[in-house]
1. Among the residues of segment 337-354, is any more than 28 Å from residue 308 (Cα to Cα), in a loop (DSSP other than H, G, I, E, B) and free of Cβ contacts under 8 Å to residues at least 60 places away in the same chain?
2. Do you know which residues across segment 453-483 are touching a strand residue (DSSP E or B) at 6+ places or on another chain (Cβ under 8 Å) and within 19 Å of residue 436 (Cβ to Cβ)?
3. Name, by its number, the condition in (1) among the β-branched types (Val, Ile, Thr); (2) assigned to a loop (DSSP other than H, G, I, E, B); (3) more than 27 Å from residue 136 (Cα to Cα) that does not hold for residue 246.
4. Just to be sure, is residue 267 under 25 Å from residue 391 (Cα atoms), basic (Lys, Arg) and crowded, with 17+ Cβ neighbours inside 10 Å?
5. With respect to residue 218, is the statement that it is under 22 Å from the mean Cα position of the chain (by Cα) and hydrophobic (A, V, I, L, M, F, W, C) true?
6. Among the numbered criteria (1) within 17 Å of residue 250 (Cβ to Cβ); (2) at pLDDT below 95; (3) not hydrophobic (A, V, I, L, M, F, W, C), which one does residue 299 miss?
7. Restricting to segment 407-417, name every residue that is part of a loop (DSSP other than H, G, I, E, B) and surrounded by 14 or more Cβ atoms within 10 Å (Cβ to Cβ).
8. Tally the residues that are at pLDDT 95 or above and among the aliphatic types (A, V, I, L, M), restricting the search to segment 394-419.
Amino acid sequence: MIICQQRTSIKKLKCASIDGFDAISVEVESTFTKGLPAFSIVGLGNSAIQESKDRIKSALLFNEFKFPPKKITINLSPSEIAKTGSQFDAPIALLIALQEQRVDFEDFYMFGELGLDGSFKDTKSIFVLALSLSRNKLIKNVLVPINSAQKLSIIPNINIYAVNNLNEAISFFQSNNKEQSRVKNTGFEFDFLEIHNKKYYFTKTFEFDFIDVKGQDVAKRAALISVCGSHNIIFEGNPGSGKSMISKRMRYILHPMSIDEILDKIKLDSIELKEPNFTPTRNFVSPHHTASKASIIGGTKIGEIGLSDGGLLFFDELPHFQKGIIEALREPLEDNIVAISRVNAKKLYNTKFLFVAAMNPCPCGNLLSTKKDCRCSLLDIQRYKSRLSEPFLDRIDLYVAMSEVAKTDKPSMNSKQMFDIVLRVFTTQLSRGQSELNGKLIDKDIEKHCHLDNIAQGIMDKAIENFNLTYRSIKKVQKVARTIADIEGKKDIDNSCLLEALSYRRR
């Protein structure tokens, strides 16, 4: 029963809302003032927040609370920023229920959608909000629905408390003993490597295995190099040669994930309203070539390249994508970031993904075939090739021409064998003091870690002159050669490593 008092008091409880890719802290304020009975929510709340008034009324009345004959005002501060989501239901209802009681909300955040009977429900945005606030060190204690607690329990450095319904939430804040509602942080129970006192988790589960790929030893070798060093790669070959088959299997041998990377992956799943995947398997994003530029690069929402951060971005039928999309990839591939300009702000999204693409050699696909005739004119082939500009191709580390399928082709290495090499090379690179894999090294780190011996340096000098290599191409060849040397267990880059790296440059 809510008892009215004459004086007006303001109570505050913290919640949050999604703003682009991150969470913004929102202070929920409530007052009861004299006037005609009314219930209003101000502070740029969207339709889901405005509709919460009916859910809150039903929940309070169902649990025998009575609204006082006053005007109830809820303010979501800061008021100039738009807020979204039904996670505001629970804090608003709690503030109304406890408005006239002396309760200390301390530094608690509270999230939860409200059922008509007062039950607390999970939403897919709760994990994103809690994780983002934790990363920015804005949250210490949080009260959430029971169904949300298990997911949040893997987030380090926050105290998680869980309740089932509105009555339990009221009792929680009225009680001096809150530990009985606390949920233990669980962490991860996967295999891991520990390098410089930091854990990197992995799982040896291969939904698609490289043992299914017969022949194509050069392409599989290039795929292994690509994964070991996070080098961008394009497969070119006739239809049915195994380009997509290899690309889809690369996901399962990607390098291990730190706790932060796993949490970021779950955060991306939650933003897309997907059921979060808590395994240390990196995301695989494969947009269709008919997708719009806004859906791939980003606009009002995060695009596919932002969602592939930390994972693998696969473009099948690469030349069939809009030319504007292909050119827009140049910045994310170079700087590992994409900037989306809006009316009042510019949003930055991380794009540190492994880029993999597949393409035919010509529109009909038979240009490189020795068994089928190509039906394309020289003009058709030129137009097809010209969709990929030199500045874009200069950002590709490995360019592989696939061989034709033959009846004598046999399987070679399986995914487990390849992943064991990835683990070994990953350990080598990080133990060397690198903060990034070879393919993502910046210039000063290339000079430090990608040292050529005297013979290899001579070969590089000739290659620069004969192949007209750009500055960017030179650095990419060095980084690929460094990865090949790591695979072979060599301290420095010798001539064989450099020659193999040069063989993957596009002619």
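1. For segment 337-354, residues more than 28 Å from residue 308 (Cα to Cα), in a loop (DSSP other than H, G, I, E, B) and free of Cβ contacts under 8 Å to residues at least 60 places away in the same chain: absent.
2. 478, 480, 481, 482
3. The single condition residue 246 does not satisfy is (2).
4. On the way: under 25 Å from residue 391 (Cα atoms): no; basic (Lys, Arg): yes; crowded, with 17+ Cβ neighbours inside 10 Å: yes.
No, not satisfied.
5. no
6. Going through (1) within 17 Å of residue 250 (Cβ to Cβ); (2) at pLDDT below 95; (3) not hydrophobic (A, V, I, L, M, F, W, C) one by one, residue 299 breaks only (1).
7. Filtering segment 407-417 down to residues part of a loop (DSSP other than H, G, I, E, B) leaves 407-410, 412-414.
409, 412, 413, 414 - these are the residues of segment 407-417 that are part of a loop (DSSP other than H, G, I, E, B) and surrounded by 14 or more Cβ atoms within 10 Å (Cβ to Cβ).
8. Matching residues across segment 394-419 total 4.
The values are calculated or read from the model by the stated rules, or taken from the named source; none is laboratory data. Given the structure is predicted, the values throughout are model-derived calculations rather than measurements. For neighbour counting, all protein chains shown are included, and Cβ atoms are generated from backbone atoms with ideal geometry for every residue, glycine included.
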